[in-house]
Amino acid sequence: MKHYLETAETVLSEVQSTKEGLTAAEAKERLAKYGENKLAQPPKPTLLARFLEQFKNPMILVLLAAAVISAITGIISEGRLEADVFIILFVVIANAVLGVYQENKAEAAIEALQAMSAAQSKVFRSGELIVVPSAELVPGDVITLEAGDNVPADCRILEAAALKAEESALTGESVPCDKDTEALSGEEVPLGDRRNMLYMGSSIAYGRAEAVVVATGMQTEMGKIAGAIAEAEDDETPLQKSLTQLSKILSVAVLVICLIILGISVLQMLVQNGAITLPGFLSSFMIAVSLAVAAIPEGLAAVVTVVLSIGVTNMSKRGAVIRKLTAVEALGCAQVICSDKTGTLTQNKMTVVEAHADDEKLLAKAMALCCDAQLNTDDSVTGEPTEAALVAYANKCELKKYTLEEAAPRVAEAPFDSLRKMMSTVHKTENGFVQYTKGAPDEVLRCCTQILDGGSVRPMTDDDRTEILRQNKEMADKALRVLLAAYRELTMLPERISPEALEHDLIYIGMTGMIDPVRPEVKDAIGLCRTAGIRPVMITGDHRDTAVAIAKELGILGEGQQAITGAELSKIPDAEFNETVGNYSVYARVQPEHKVRIVNAWKQQGKTTAMTGDGVNDAPSIKSADIGVGMGITGTDVTKNVADMVLTDDNFATIVGAVEEGRRIYDNIRKAIQFLLSSNLSEVLCILIATLGLGSLTGGSFTIFSPVHLLWINLITDCFPAVALGMEPAERGIMNRKPRSGNAHIFSDGMGINLLWQGFVIAALTLAAYVVGARTSHEAGTTMAFLTLSFSEMLHAWNMRSLRGSVFTMEHHNPALIGSIALSFALTVPVLLIPALQKVFSLVPLTGVQYLWAVLLAAAIVPVVEIVKAISRITAKKD
């Protein structure tokens, strides 16, 4: 159906709807018929495909090759399969199952976050304006749209006021196009020229509209080309990229070392035997494989992904929905938070508490009609908080907005924009037309030439203006938000409906003062920011006096810091502002473009900056910031779509909570990385020293551990505790330290040195255990070394609960870590004690003294690490 060729009334008839919209029952019936308003998603990989994907890892292929070679060797020499084959296969399969589980868990977390941030639409149901998920829209629904809204479905416009739509996603045209309600003529009109249609995938750049939905889901124009649209994959975070690169470097390095070890072993064989024997070569090959297994932290990338997914899920529970994983890292090093005032620092529950007018009834009527908020039949109000307060004020004055609109329906308007700071509406009355204008006091007053005084209209004098400004100042000093109202009577509609045509020669009515109370939790959050080395900055469109009053109440405006207006900022050159941005903590009467300047100035100083925003014009500054924060309640779709994080409660305290959570997540990832890499390093050192040192002494191929031992340790001893470290609660004082630099490497702050010496210590303890056991036999030495290495890595996971503090003074517990260590212990002990399992792992029974030595050597890792951390703390205090 070519709805753009039909009149609005015809289209309503064709979709069996009215301007009042559908009833709830009709909407439910059509939802069942047409399905959800969603584009078809590409098919997800099957469980089998995901499982097979896990085997593409080069190191897994090496293990499988080792299993095949071991199987061939066993069949040739023993006539049966060695136990190594089954254990390697079990470990490889278990690793693949764990990988699939971790992927599913991360995907489920992302899907849950997407559901939380799902788009919503304002729709008329049975004549009442309600908010529903956009996925529940059906053909025939009548929706309202305003600047910043994404168009949720294909629609035919019913009413339009100064409407412009941004349709570049569909047409490639970067300039917003004008829209109206008139039917078009012709047969085929290009999509970009259909002025009376709005399409899914576009957004409202300016103005306001009512429209009827004519197509949803795959029936939309966007749906028809959905097959050609590739959804961008989530970018890896800088941390994930650096870890992926680290894994590649490790893989190459280990393969080179493995080849060197294999070459040395073969040369030793040639020197001693004069020939290369198959059993000898296979033994040397298994040593090289053992080294590869020991060196590669196979679970590292998976652990980081799981920790990140758990972290963002926790953030969502605290009201911060992370849309991009990069935000998690950036949050951990946030140094400046630039926040809107209204709704973020304050409660966004505006209430008119003071009014000055010659006729308060007329003031309330003008304010209610000159806004887009709607009064519902139950006296609740739907709409933007400031306008909702005006409608509620009129209702308190016994003026129902829907009754006022019946008597004086709106026929034209000049919508609000942040440059004019006002809006105007024109209404039809019995005597002709009346225009109401409301907005910022200084802007509206500039358009007034007359004043309502004693029930009659007279010219406005300078004394009148002085008194009005005095009243405005008096209200602003009380931190009230002040709006002025004015009107103009018209005999006919102007030929051109525009701000310039409407907003002049107005008659002043009066002013209202409304208060948006400070959120009680924000003051503590500001204090926490200061303690954490984070600079809070207030940005508002309100008057300077109002902004300063609230900033002082919250503790944002400190000693030596200044407040500046947008007009004053415009006069400062960029170069000068980049140097002096640190002087300003409050920005009042700002334009959206000022926000971009503020962000860029802080970034010029090397500061990691967060910026909040809600309006469509805030999108550029949010995109420019290191952490763009969108408002979940008052934010427009356009702003939320470019944000890295969306606040479900629009609360500044939630940002600070997210910063704390970001620091916790980053700390825990560092703990997991240090634990895994130091453990893997210790295994590599054991094999290298045993092969090159002890092997050369004994005159043959020699190693402490086989691949089976190392796979068991990596899977059981390392992987689960590493994930559990990601669940570690925040350490005491995490918000008492300065933010880390955004350019800081993951191994900075001594972490690289720490994992090196810790790896050497664990290797030394393990080799010491081998030497003690080897007095009895090589097998006893291997058994003691296996026990010491397993237990020391379990205890080392406990060490890693804090990278600097003592684990014995920590105030909180980590049940997940305790559980994972207990599980590792419970699974390892039977391998050491049960004869059948001892045989599978080539272990032997130990004496009581040998067990005691092995356990004591394993336990030594705790006091050694505690002593080094104590020395580091003492040294740090001296510095």
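The values are calculated or read from the model by the stated rules, or taken from the named source; none is laboratory data. Quantities reported herein were computed from a predicted structural model and do not represent experimental measurements. All Cβ positions, even for glycine, are placed from backbone atoms using ideal geometry, and neighbour counts span all protein chains on display. Please note that ligands, DNA and RNA were not included when accessible areas were found on the heavy atoms of the full protein model with its side chains. Shrake-Rupley method; radii C 1.70, N 1.55, O 1.52, S 1.80 Å.
Couplings 3J(HN,Hα) for the stretch 430-441, derived from phi with the Karplus relation 6.51 cos²θ - 1.76 cosθ + 1.60 (θ = phi - 60°), are 5, 9, x, 9, 9, 10, 10, 10, 9, x, 4, x Hz, where x marks Gly and Pro. Here's how it looks for Val353: its modeled amide H is under 5 Å from those of Gly513, Met514, Ile515, which are all 5 or more places away or on a different chain. For the stretch 311-461, the direction-averaged projected area of the alpha-carbon convex hull comes to 13.3 nm².
Convex hull of alpha carbon positions in the stretch 383-454: directionally averaged projected area 6.2 nm². A Förster radius of 41 Å, combined with the Cβ-Cβ distance separating Arg80 from Ala870, puts the computed FRET efficiency at roughly 0.15. Using only Cα atoms, find the angle between the long axis of helix 848-859 and the longest principal axis of the chain, and express it within 0 to 90 degrees, rounded to the nearest 10. Between the helix axis and the principal axis of the chain, the angle is about 30 degrees. Dipole orientation for the chain: of the candidates Ala501, Gly223, Ile249, Ile249 has the Cα lying most toward the positive pole (charges on Cβ; Lys, Arg +1; Asp, Glu -1). In terms of the mean number of neighbouring beta-carbon atoms within 10 Å, the peptides 672-683, 797-808 order highest first as 672-683, 797-808. Grab the beta carbon distance between Ala836 and Lys878, set R0 = 45 Å, and tell me the FRET efficiency rounded to 0.05. FRET efficiency, Ala836 to Lys878: 0.20.
Counting pairs of alpha carbon atoms under 8 Å apart in space and at least six apart in sequence, what relative contact order in percent does the chain give?
Normalised by residue count, the contact order of the chain is 12 percent.
For the stretch 511-519, backbone phi angles converted through the Karplus equation (6.51, -1.76, 1.60; θ = phi - 60°) give residue-by-residue couplings of 9, 10, x, 10, 10, 10, x, 5, 5 Hz, Gly and Pro being listed as x. Under a 5 Å amide H to amide H cut-off, with H placed in plane at 1.01 Å, what residues pair with Leu490 once short-range neighbours are removed? Close amide H contacts, sequence-distant or interchain: Phe433, Val434, Gln435. Only Cα pairs under 8 Å and 6+ residues apart enter the sum, and on that basis the relative contact order of the stretch 598-642 stands at 37 percent.
Dividing the convex hull volume of the alpha-carbon atoms in the stretch 809-879 by its residue count gives 131 Å³ per residue. Less than 18 Å from a label point 7 Å out along the Cα-to-Cβ axis of Ala575: which backbone N atoms in the stretch 599-614 qualify, by residue? Answer for this model: 601-602, 604-605.
Residues whose amide H falls under 5 Å from that of Ala412, counting only those 5 or more places apart or on a different chain, are Val426, with hydrogens built in the peptide plane. Computed over the alpha carbons of the stretch 458-539, Rg followed by Dmax gives 20.3, 62 Å. The label-point distance for Leu469 and Asn583, in a model that sets each label 7 Å from Cα toward Cβ, rounds to 2.5 nm.
Helix 24-34 axis versus longest C-alpha principal axis of the chain: approximately 50°, rounded to the nearest ten.
Peptides 447-454, 305-312 ranked from most to least packed give 305-312, 447-454, packing being the mean of other C-beta atoms within 10 angstrom over each peptide's residues. Reported value for the stretch 551-647: 102 Å³ per residue, from the convex hull of its C-alpha atoms. Can you give the log10 of the normalised intensity I(q)/I(0) at q = 0.09, 0.10, 0.20 Å⁻¹, computed with Debye over equal Cα scatterers of the stretch 672-805? Listed by q, the Debye log ratios stand at -0.32, -0.39, -1.14.
Figure note: Lys164, Lys877, Lys122, Lys421 ranked by solvent-accessible area, largest first, 1.4 Å probe, ligands and nucleic acids not counted: Lys877, Lys164, Lys122, Lys421. From helices alone, the chain scores -15500 deg cm²/dmol at 222 nm; the rule is -39500 (n - 2.57) for each run of n ≥ 4 DSSP H residues, then divide by the residue total. Ranked by the mean number of other Cβ atoms within 10 Å of their residues, highest first, the peptides 622-629, 155-162 come out as 622-629, 155-162.
Taking the Cα centre of the chain as origin and assigning +1 to Lys and Arg Cβ atoms and -1 to Asp and Glu Cβ atoms, the resulting dipole is close to 3620 debye. Here the chain is treated as a Stokes sphere of Kirkwood radius computed over C-alpha pairs; at 25 °C and 0.890 mPa s its diffusion coefficient rounds to 77 µm²/s.
Rounded to the nearest whole Hz, the Karplus-based 3J(HN,Hα) values (6.51 cos²θ - 1.76 cosθ + 1.60, θ = phi - 60°) of the stretch 791-796 follow the sequence 6, 5, 6, 4, 5, 5, with x at glycine and proline.
A Förster radius of 41 Å combined with the Cβ-Cβ distance from Glu553 to Leu191 puts the calculated FRET efficiency at roughly 0.20.
Helix 592-604 and the longest principal axis of the Cα set of the chain meet at an angle near 30°.
Sorted from longest to shortest, the spans of the Cα atoms of the stretch 390-535 along the three principal axes equal 62, 37, 32 Å. Which distance in Å, rounded to a whole number, links the C-alpha centroids of the stretch 142-201 and the stretch 436-458? Cα centroid of the stretch 142-201 versus Cα centroid of the stretch 436-458: 36 Å apart.
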